[in-house]
Amino acid sequence: MKSTTRGTLAAVLTGVAAAVGAAAATPAAAIGTVPVPVPVEGAEQSLGMELPELGGEIPLPTAGRPDGPRYVEGRLIPEHALPQLPVTGGLPGAGLRAPLPHVLGDQFDHVGLSTSASDLRTLAPGLNLDAPLTPPNPQNAGLPDLTLPEAGVPVPVLQTVPGANLDLGPGL
């Protein structure tokens, strides 16, 4: 086999492997969370009893596109000199289901508590500046006037709606 054929074959196989790896990673990225099970089967067998089922979800944060500087008439430095960076992700979720001996009657065999991963939207603080000079003033022979310098920090933003469920029911 020629070396060019081998190189072409290696490049094709590398591309196929990358495509398969990307296809395998796409579902987790599309969901936005990664499930985290906590294995307790070994402890159940060694203790000879049912233990609670425990699991969680870890969100995948993604950075957004910041709003760039905006030019405003009458200012020398654009507004949002240091733009705010939006980041979206989520709060982690958790789930717990524990066996419940028939304390509350024959219909209740488990108690469960679950919190789903909830969306979280944040905006990092930014910076607004203005120079101590105004634009050229035609009444002052085209020279700028002096003003007080300005600096401002836009407040950070944090938005989410968390929730939880508590349930009692038959079966584990």
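Which residue, of Leu158, Leu120, Leu113, Leu129, is within 19 Å of Arg75 (Cβ to Cβ) and of a type outside the set (Lys, Arg)?
Step by step, each of Leu158, Leu120, Leu113, Leu129 is checked, and only Leu129 is within 19 Å of Arg75 (Cβ to Cβ) and of a type outside the set (Lys, Arg).
So how many residues does the range 151-170 have that are within 30 Å of Arg97 (Cβ to Cβ), of a type in the set (Val, Ile, Thr) and surrounded by fewer than 11 Cβ atoms within 10 Å (Cβ to Cβ)?
1
Within the range 55-64, take every residue that is within 13 Å of Arg121 (Cα to Cα) and without any contact (Cβ under 8 Å) to a residue 60 or more places away in the chain and give me the one that is farthest from the chain's Cα centre (by Cα).
Across the range 55-64, the extreme among qualifying residues is Gly64.
Checking Gly32 against (1) surrounded by 14 or more Cβ atoms within 10 Å (Cβ to Cβ); (2) on the phi > 0 side of the Ramachandran plot; (3) modelled with pLDDT of 75 or more, which test does it fail?
(3)
How do the pairs read when you match residues in the range 84-101 that are of a type in the set (Ser, Thr, Tyr) with residues anywhere that are assigned to a strand (DSSP E or B), using Cβ under 9 Å and keeping only pairs 6 or more apart or on different chains?
Sorted first by the residue in the range 84-101, then by its partner, the pairs are Thr88/Thr62; Thr88/Ala63; Thr88/Asp119; Thr88/Leu120; Thr88/Arg121; Thr88/Thr122.
Yes or no: the range 100-110 includes at least one residue that is in a strand (DSSP E or B), modelled with pLDDT of 80 or more and of a type outside the set (D, E, K, R).
no
The values are calculated or read from the model by the stated rules, or taken from the named source; none is laboratory data. Computed from a predicted model, the values in this text were never measured in an experiment. Positions of Cβ are generated from backbone atoms using ideal geometry, with glycine treated the same way; all protein chains shown enter the neighbour counts.
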